[in-house]
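Below is one structure, written out as structure tokens; the observations come after it.
The values are calculated or read from the model by the stated rules, or taken from the named source; none is laboratory data. As the structure is a computational prediction, the values presented were derived from the model and not from experiment. Here the Cβ positions follow ideal geometry from the backbone for every residue, glycine too, while neighbour counts run over all protein chains shown. Heads up: the accessible areas ignore ligands, DNA and RNA and are worked out on the full protein's heavy atoms, side chains in. Shrake-Rupley method; radii C 1.70, N 1.55, O 1.52, S 1.80 Å.
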Amino acid sequence: MKLKMMYSFLNSDINVIEKKLEETIKSDSFLLKQASMHTLQAGGKRIRPIFVLLAGKFGHYDIETMKDVAVALELIHMASLVHDDVIDDADLRRGQPTVKSKWDNQIAMYTGDFVFALSLELMSNIKDPAAHKILANTIVEVTIGEIQQIKDKYRFNQNFRDYFRRIKRKTALLIAASCQLGAIAAGASESVHKNLYRFGYYVGMSFQITDDILDFTASEAELGKPAGSDLLQGNITAPVLYAMENEKIREEIIKVNENTQPDQISEIITLIKQSGAIEKSIALSDLYLDKALAVLEELPTNKAKKTLRDIAKYIGRRKF
């Protein structure tokens, strides 16, 4: 089943979210509006807003309240991607030129700041102080994670603890916050929103590990960027860590730097695929996915719960 079919009963509300996204990024500055709209139109799965809406179904669901949280979380995600592309010197995102590529680094940084500020403005409509504390703590952790990723580039002696800590901050925490904040905005009980946080965290870990696998197994057309981009940028992921358990492969991997040529990366990708690292990484992703599904069993039974289960299985085992 395709991802969009799993939450088709939310289609009218998702349309509200899309319209709100477009309305929110309007600006008196033509350039800011243009750059922000470019980022929005690049697409994306809108996983975070969908999780916000589904989590809201465990409380008193009101799309007028939910849309502010859903759009705010998506804007934070968008802003982080714009900044990431500057840090990574990336020319492509989802097959489209990045803001920094289409304009320049300065425009990209201020566009990211602008989009981020808009998200905070929207969240001010949510009156629960707990929601703001959760969001603030999440943003702090995400920022620390970005700094750590810069420090970890081409550091080939790192271990899985380093990797888990980094992807927790890079991806899992924002997905966890999306689940928890959606429930809080809908007035769900504390036990429900805390379990939804745990669910989102485990799904987020599985999601990022799968992303890291796809960097080696998917095509450039599917990825929207060249295969092996993470390794070329110095990001050490689960498949690389597993592959480096083989000393001969490790010797080749540690030679990688920003000047490594595409044909050399292609050879290393082949070695990683032949090492069994992909299969081990899939098993690791499945471990987190199973934890997410176990947490779901502690939640009240409704349509949203089944949909969360279906989405979790999809994003943990997707092919691109």
Inter-label distance for D286 and D91, nm, one decimal - labels placed 7 Å from Cα along Cα-to-Cβ: 3.9 nm
Per-peptide average of other Cβ atoms within 10 Å, ordering 58-71, 297-310, 179-192, 95-108 highest first: 179-192, 58-71, 95-108, 297-310
In region 136-166, the chymotrypsin sites (Phe, Trp or Tyr not before Pro) that fall in loop regions by DSSP, at most 15 other Cβ within 10 Å: Y154, F156
Accessible solvent surface per residue of region 125-224, calculated while the other protein chains remain in place, 1.4 angstrom probe, Å²: 41 Å²
Dipole magnitude of region 1-96, debye to nearest 20 (Cβ charges: Lys/Arg +1, Asp/Glu -1, about Cα centre): 440 debye
Of all accessible heavy-atom area on region 55-208, the percent that carbon and sulfur account for (1.4 Å): 52 percent
Span per principal axis, largest first, for the Cα atoms of the chain (Å): 57, 48, 34
Long-range amide H partners of R93 with built H, under 5 Å: T98
Cα-only Debye scattering, region 192-238: base-10 log of I(q)/I(0) at q = 0.14, 0.21, 0.22 Å⁻¹: -0.44, -0.70, -0.74
Contour excess over end-to-end distance, with Cα ends at M5 and E279 and 0.36 nm allotted per residue: 95.8 nm
Lys, Arg +1 and Asp, Glu -1 on Cβ, resulting dipole of region 227-320 about Cα centre, debye, nearest 20: 640 debye
The chain: relative contact order as a whole-number percent, Cα under 8 Å and 6+ apart: 20 percent
Per-residue ³J(HN,Hα) for region 112-122, Karplus 6.51 cos²θ - 1.76 cosθ + 1.60, θ = phi - 60°, Hz, x for Gly and Pro: x, 4, 4, 5, 4, 4, 4, 5, 5, 4, 5
The chain: angle of helix 303-316 to the longest principal axis, Cα-based, in degrees nearest 10: 10 degrees
Stretch gain in nm, segment F160-Q106, where the contour uses 0.36 nm per residue and the Cα spacing is subtracted: 16.0 nm
Karplus (6.51, -1.76, 1.60) ³J(HN,Hα), θ = phi - 60°, over region 231-242, in Hz, Gly and Pro reported as x: 5, 4, 7, x, 8, 8, 10, 4, x, 5, 4, 5
Of M109, A185, V99, farthest towards positive along the dipole that unit charges on Lys, Arg, Asp, Glu beta carbons give the chain: A185
Nearest-ten-degree value, helix 190-217 long axis tilted from longest Cα axis of the chain: 30 degrees
About the Cα centre, charge dipole magnitude for the chain (Lys/Arg +1, Asp/Glu -1 at Cβ), debye: 860 debye
